[in-house]
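Following: one structure in structure tokens, then a few remarks.
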Amino acid sequence: MSLGYAEKLSYIEDVGNVGMTEYFDPPHVLQEKIERLAMMVKKSKHLVVFTGAGISTSCGIPDFRGPKGIWTLQREGKALPEASLPFHRAMPSLTHMALVELEKAGILKFLISQNVDGLHLRSGIPREKLAELHGNSFMEACPSCGVEYLRDFEVETIGLKETSRRCSDVKCGAKLKDTVLDWEDALPPKEMDPAEKHCRMADVVLCLGTSLQITPACNLPLKSLRGGGKIIIVNLQKTPKDKKASLVIHGRVDKVIASAMEFLKLQIPPFVRIDLFEVILTQALSIDRKYVNWTLQVASAHGRRAPLPFIKSVEVSFVDNQDYKEAILQMQPFRLKRRTMQAKSFELVLKVNFIDGCGCQSVEINIPIDFKVSIDCFNPDKDAVLQRLRDTAIQDLCCGQNAVIERTAFLMPKSEVTVYAIVTNIVQYIKSSNVLADSLSNGNVKRQRESVNGTGTSRKRSKVHRRKSRY
């Protein structure tokens, strides 16, 4: 059972009632400020962005000090809102994707986040240009060789504790640890050092959706001032650093950033989510060698014991063959055991049913079975395959496209493991009368999400570590 949002964030200090009131600049003032922001960003030589919980509220993840924030509701004795989508299905906001475009355009040089929701990394910000100061709920790291593993499920522990998985590097095999800090944990140097370095180099530090009250992180933007840098703050609440800023904007982050991107003539890219799963076929001859006893399993690409959070059930049927009974696999592990005459070959159909929050309800995959396990592996260019899937999803504006990205055969036991990549969500950010449209409900900003999706998401926040990464 995963930890609750408040528990995941217990390492953050509660600093009183400061900043709970929301402020909104008048429309004409807001537009003038947004144009100033855009010009400062355009002229910048070394832009650093510093983000907090406020950039993820439009993803359905509550902040702390807003009217519906975690700490606000707790002080008022109110229950935390029930999430309509699980945390692991949260999609990046317009602001997340705008930052991706700014990085690709060469404008954004480094990004620092206090969130543990992992959305910056998932949105496409390069790992080497990101510091997640407080950790990442979806990241495990190897304390021995430093490899990081980005998961599609929430890691079950916090406080840099050992998890139930090991490093997959055959030369290592050490037990992995979570990356989310607890109360007593200091900010990791591998995150803080590059963050401090880039803040000192920055001529503009843009603070988005943060109250700038959590030390020592909140003092990072101030390091730009010694070198003549300027601070911009976009937040609905006042912050203790407002007097140090060259520009303070009180407005919804997504609306401010959408207008600034329009002024900069930069397009906000769509977000395409691709998830992975394995199909494992294991076989063995019966004692009399007349039959093949075989097992088919749909499993996580992150390890046999890892959860598969985005799949609800699997239906197995057989093409043009009445000899085999259909099956519905409703509980993990999704496993089917059957016996077949050795000489027989056939084709089965896997109907993979997805949970709410995915952009399509199901996908069907045909799998030919002939029990001939080749010793040859199939390893196409993974990045090229994933990029083709993204391009096709954007072109077709729908989910469900899938492709094989790896196939490996084993002789003992005789088995074949095929890794599939599938597009499970696509989010487009559409400009409409100076705002946008969205199925996730986003205040003044909307995103249009393709196909069948839920609304809202669960509760949490973001970190880093270097620099070897594995999908």
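Is it true that some residue in the range 329-343 is among the polar types (S, T, N, Q) and either open to solvent by less than 20 Å² (accessible area, probe 1.4 Å) or outside any loop (DSSP other than H, G, I, E, B) (or both)? The answer is yes, given that some residue of the range 329-343 is among the polar types (S, T, N, Q) and either open to solvent by less than 20 Å² (accessible area, probe 1.4 Å) or outside any loop (DSSP other than H, G, I, E, B) (or both). Answer yes or no as to whether Y420 is among the hydroxyl-bearing types (S, T, Y), within 22 Å of P309 (Cβ to Cβ) and either in contact with a Phe, Trp or Tyr (Cβ under 9 Å, 6 or more places away or on another chain) or free of Cβ contacts under 8 Å to residues at least 12 places away in the same chain (or both). Here the answer is yes, as Y420 does meet what is asked. Residues in the range 203-217: is at least one open to solvent by 20 Å² or more (accessible area, probe 1.4 Å) and part of a strand (DSSP E or B)? No, there is no match, as no residue in the range 203-217 is open to solvent by 20 Å² or more (accessible area, probe 1.4 Å) and part of a strand (DSSP E or B).
The single condition among (1) open to solvent by 30 Å² or more (accessible area, probe 1.4 Å); (2) not in a helix (DSSP H, G or I) that L236 does not meet is (1).
So that you can scan it fast, the table gives a plain yes or no per residue for (1) under 28 Å from K243 (Cα atoms); (2) open to solvent by 40 Å² or more (accessible area, probe 1.4 Å); (3) not polar (S, T, N, Q):
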{"site": "N115", "(1), (2), (3)": "yes, no, no"}
{"site": "E132", "(1), (2), (3)": "yes, no, yes"}
{"site": "C172", "(1), (2), (3)": "no, yes, yes"}
{"site": "M192", "(1), (2), (3)": "yes, no, yes"}
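Scanning the range 302-328 for residues that are part of a strand (DSSP E or B), open to solvent by less than 60 Å² (accessible area, probe 1.4 Å) and more than 19 Å from I369 (Cα to Cα) yields I311, S313. Residues that are among the polar types (S, T, N, Q) and open to solvent by less than 30 Å² (accessible area, probe 1.4 Å) were ranked within the range 245-288; the one that is farthest from K223 (Cα to Cα) is S286. Checking each residue in the range 39-53 for being part of a helix (DSSP H, G or I) and open to solvent by less than 20 Å² (accessible area, probe 1.4 Å) picks out V41, A53. With respect to the conditions (1) among the β-branched types (V, I, T); (2) surrounded by fewer than 21 Cβ atoms within 10 Å (Cβ to Cβ); (3) at pLDDT below 60, V445 lacks only one, and its number is (2). Residues in the range 134-154 that are open to solvent by 20 Å² or more (accessible area, probe 1.4 Å) and in contact with a strand residue (DSSP E or B) (Cβ under 7 Å, 6 or more places away or on another chain): P143, L150. The selection criterion, being modelled with pLDDT of 95 or more and touching an Asp or Glu at 6+ places or on another chain (Cβ under 7 Å), does not hold for I355.
The values are calculated or read from the model by the stated rules, or taken from the named source; none is laboratory data. Keep in mind the model is a prediction, meaning the values are calculated, not measured. Don't worry about glycine lacking a Cβ; one is built from the backbone with ideal geometry, like all the others, and counts go over all protein chains shown. Areas reflect the complete protein model, heavy atoms only, side chains present, ligands, DNA and RNA absent. Shrake-Rupley method; radii C 1.70, N 1.55, O 1.52, S 1.80 Å.
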